[in-house]
């Protein structure tokens, strides 16, 4: 049975399935997967580092809440079952190509333009650059020449939305926002 983004988020709290050594499948939240240092299925260690640093600039707390685990898990699924915003933005499958290319061009563009990889930039420089990504273009603050890959604004929007799902898409996330969680049908247990 196909499940849409909202139903999955409501029912599992962004679950990550992991095959344990005993052969059973565990369902972990992104935070639990990060705490257990579960191996990534699709993203390389370098891609994870760039993704976490980028997501952290977009939404503080996203890295510790496991955004890389959520995105990696979703990339390992059939694109028609993915809960990543890229699917809803009609990004051409495989979605892993979009995320991998986006992270690569982000890092490469920073090296070319600023002389440092995204990871080597200091926090203030990262923040300043990320703040311009939505306006990259001939009329914007940064000319996109050298940005060869998914549009910067689309990458920004997709990763930010995925981070929002991880950080605020649970009952605890609603509590962080001081918004009452009022589900039509409350889950039987906390997510």
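Bear in mind that the values in this text are calculations on the coordinates, not laboratory data. Because the structure is predicted, anything quoted here is derived from the model rather than measured. Here the Cβ is made from the backbone with ideal geometry for all residues, glycine too, and neighbour counts use every protein chain on show.
Once R0 is set to 30 Å, what does the formula 1/(1 + (r/R0)^6) return for the Cβ-Cβ distance between residue 114 and residue 175, expressed as a FRET efficiency to the nearest 0.05?
Working: r = 38 Å, r/R0 = 1.27.
My answer for the efficiency is 0.20.
Treat each spin label as a single point 7 Å out from the Cα along the C-beta direction, and report the residue 76 to residue 90 distance in nm.
Rounded to a tenth, the inter-label distance reads 3.1 nm.
Distance in nm between label sites at residue 127 and residue 35, each 7 Å beyond Cα in the beta-carbon direction?
Taking the simple label geometry, residue 127 and residue 35 are separated by 2.9 nm.
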